[in-house]
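**Student:** The structure that follows is given in the form of structure tokens.
Nothing in this text is a laboratory measurement; each read-out follows from the coordinates by a stated rule. Keep in mind that this is a model prediction, so the values were computed, not measured. Note that we place each Cβ from the backbone using ideal geometry, even for glycine, and neighbour counts take in every protein chain shown.
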Amino acid sequence: MIEIKVPELAESITEGTVASWLKQPGDHVEKGEAIVELETDKVNIEVPADESGTLDEQLAAEGDTVQVGQVIARLSSGSGGGTAVATKTKTEAPAETAPAPAETKVEAVGEAKKVERREEHVASPGKGPIATPAARKLAREKGIDLSAVQTSDPIGRINVHDVTSHDSKPAPKQEAPKAPAAAPQPAASGKEEERIKMTRRRQTIANRLVEVQQTAAMLTTFNEIDMSAVMALRKRRQEKFVKDNDVKLGFMSFFTKAAVAALKRMPYLNAEIQGNEIVLKKYYDIGIAVSAPDGLVVPVVREADRKNFGEIEKDILHLADKARNNKLGLSDLTGGTFTITNGGVFGSLLSTPILNGPQVAILGMHSIQLRPIAIDAETMENRPMMYVALSYDHRIVDGREAVTFLKHIKDMIEDPEQLLFEA
């Protein structure tokens, strides 16, 4: 018998949620093939099989919270046998021969208990319909009789989709005391409402944003930047840049380089508070906020001060692609010293970004708009302008430093040749 356990996730993460089972009881699994996807506070992790075999048991349902080291599935070695093999495995082994406490407890329960648990996954003739653990759990919550649920599965197995589809059909049944989690319910006024359970990641994002606002003395300062010079430079150099780097020259690399240069001049914005100490970071790992399917994530461009424009653009493109496909690892998301967020890609004209704790500053970019600008006392011109915002922790960053930092950003973007001379 091969046990599938929740792997070590990260130093600060001790539990996760079963997002989806990629294999079902009776399925053959090759060594290295993913069996289950776990959702953690930061990323989704696929748990692979260490050896080839047949999946016999799922010991946790989709949506269940599981701990690091917990056994969540069992495989039987070989390519066949299904659950029948699993019920005979270790039948004769005495409990005291098992070295692990969790396995000893399973053996002590006895063969009858093991068979009973298998019947949660696969039903033998006369024992009821075949259904996945997640489908059984959802059916119990909604008060649905599984024998009345229809499925299109070739082997007649009922899954969560079948239960959800059955629940959406009008059928005479007793009203459950509590409204189904995702079913629209008419309110007393006749208006409909829908309840959707927050994902673990969304809960974490919500908790951390509230925590930052409660623990930091957050303040925001603003400025505006004339983007004419950068836009003209990009237009002149774009073709050669793409040819040399196989990636387009965007605005993010300019703002990343400008931010690094400004952080070197204002080091307290590249810091964090630990107890009664201020930790000044002598490296520049810049977080770039990316909108992912499950919520905002901030992957990190490492050592941005040592990279050229092409390397930064490639890193950002690669990290954004991983974020949108839920392929980010924990190493991609940890250790940033400063964050840049660009609400302009969604059309935001102005905003006050929230700190990405424990960092003490975040730069917000916004959409570029043509606006009439006074060139001198007698001349007005339409210029492509961008509002920028800097939110900072007033506990260690004073207004003078914050305003000066943002002024450095403005000066370098309006005269991008300055970036060539920044060490």
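**Student:** Using DSSP to define loop residues, name the GluC sites (Glu not before Pro) in the stretch 378-412 whose beta-carbon has at most 13 other beta-carbon atoms within 10 Å.
**Tutor:** Glu378
**Student:** Between Lys327 and Lys282, how many nm apart are label points set 7 Å from Cα along the C-beta direction?
**Tutor:** 3.6
**Student:** Oh, and also: Report relative contact order for the stretch 201-421 in percent, whole number only (criteria: Cα-Cα under 8 Å, sequence separation at least 6).
**Tutor:** Contact order relative to length: 30 percent.
**Student:** As an exercise, use a Förster radius of 56 Å and the Cβ-Cβ distance of Lys197 and Ala377 to find the FRET efficiency, rounded to the nearest 0.05.
**Tutor:** 0.40
**Student:** If neighbour count is taken as other Cβ atoms inside 10 Å, put Arg306, Arg383, Arg237 in order from fewest to most.
**Tutor:** Sorted ascending by nearby Cβ count, the order is Arg306, Arg237, Arg383.
**Student:** Same structure, new question: Within the stretch 320-375, list the trypsin sites (Lys or Arg not before Pro) lying in a DSSP loop whose Cβ has at most 12 other Cβ atoms in a 10 Å radius.
**Tutor:** The qualifying sites: there are none.
**Student:** Could you pull out the pairs from Lys248/Lys307; Lys248/Lys407; Lys257/Lys410 whose alpha carbons sit more than 18 Å apart here?
**Tutor:** Lys248/Lys407
**Student:** Defining a contact as two alpha carbons under 8 Å apart and six or more residues distant in sequence, what relative contact order in percent does the stretch 13-70 show?
**Tutor:** Computed over the stretch 13-70, the figure is 43 percent.
**Student:** Given the pairs Lys235/Lys322; Lys282/Lys327; Lys23/Lys327; Lys5/Lys322, which are separated by over 23 angstrom at their Cα positions?
**Tutor:** Table pairs above 23 Å Cα-Cα are Lys235/Lys322; Lys282/Lys327; Lys5/Lys322.
**Student:** What FRET efficiency comes out for the pair Thr220/Thr334, r = Cβ-Cβ distance, R0 = 30 Å, nearest 0.05?
**Tutor:** That gives a FRET efficiency of 0.75.
**Student:** How are the C-alpha pair distances of the stretch 201-421 spread across 5 Å bins, as whole percents from the shortest bin up?
**Tutor:** For the stretch 201-421, the pair-distance distribution reads 1, 7, 14, 19, 21, 17, 12, 6, 3, 1, 0, 0.
**Student:** Which listed residue (Ala292, Ala229, Thr215) has the Cα farthest towards the positive end of the charge dipole for the stretch 207-318, taking +1 on Lys and Arg C-beta and -1 on Asp and Glu C-beta about the Cα centre?
**Tutor:** Ala229
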